[in-house]
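The values are calculated or read from the model by the stated rules, or taken from the named source; none is laboratory data. Not measured: the values here are computed from a predicted model. Positions of Cβ are generated from backbone atoms using ideal geometry, with glycine treated the same way; all protein chains shown enter the neighbour counts.
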Amino acid sequence: MKLTTIFVDENCKGLHSFCYKEHDFLCEFDRLFNLWNNPVYIRRYLKENISYLQGGFYGDITLEEAITEVRRDIQVMQSEILRASINISKRNDENLECLFRPFHNLEIQGKDYQEVKYKLEKWEYKKSKIRLYAIRLSQDTFIITGGAIKLVKLMEDHVDTVKEKEKLKLARNWLKANDFLFEDNLKEYYEEE
């Protein structure tokens, strides 16, 4: 496992990403958005997982509707992340702290090493199917661990989301084991790389 920056300020606050050996150390953030911006991949993934898609969590939905919604979600998510990159460390409603929510719905937001997720709020009464998962290292500092097209209510109900849940735990443990607690630790890490 390695870390890389996506966008950070001079103090290393901002968005970082894990890079995994199994993906030739391509950063997860780039890997996911490359996949998600590929219409052939989206169609194939949703078609291969049509039974999950139409399993009831998203109500009555066709493949074409799902493709349109996923592509819209990806575009909106990318523009929200871009706005957040401009607002690092600013106290407004367009920063990273406002995008990421606790992974566990009933958990209090703002803890260090907290497992978090980013999903779009309901849009026209539709649930977003795209998720980014991260570890909140400290205020305004998040490290992407992975992401998924979430087609089921519970993560345990699909192999892809089970894998993402495992990556969250693995990443959290790796950060703790390597004494990453503050942005200074990230600065030192990048200087040594």
Is one or more of the residues making up segment 153-170 in contact (Cβ under 8 Å) with a residue 40 or more places away in the chain, crowded, with 18+ Cβ neighbours inside 10 Å, aliphatic (A, V, I, L, M) and closer than 23 Å to Tyr45 by Cβ?
yes
Given (1) modelled with pLDDT under 95; (2) outside any strand (DSSP E or B), Val162 misses just (1)
Could you tell me which residue of segment 104-129 is nearest to Glu69 (Cα to Cα), considering only residues that are part of a loop (DSSP other than H, G, I, E, B) and at pLDDT 90 or above?
Lys129
Can you tell me which residue in segment 29-88 is farthest from Asp160 (Cα to Cα), limited to those that are in contact (Cβ under 8 Å) with a residue 60 or more places away in the chain and among the polar types (S, T, N, Q)?
Ser85
Can you tell me which residue among Arg44, Arg71 is at pLDDT 85 or above and either more than 20 Å from Tyr133 (Cα to Cα) or over 18 Å from the mean Cα position of the chain (by Cα) (or both)?
Arg44
If I go through segment 165-187 residue by residue, how many of them are in a helix (DSSP H, G or I) and under 13 Å from Lys13 (Cα atoms)?
5
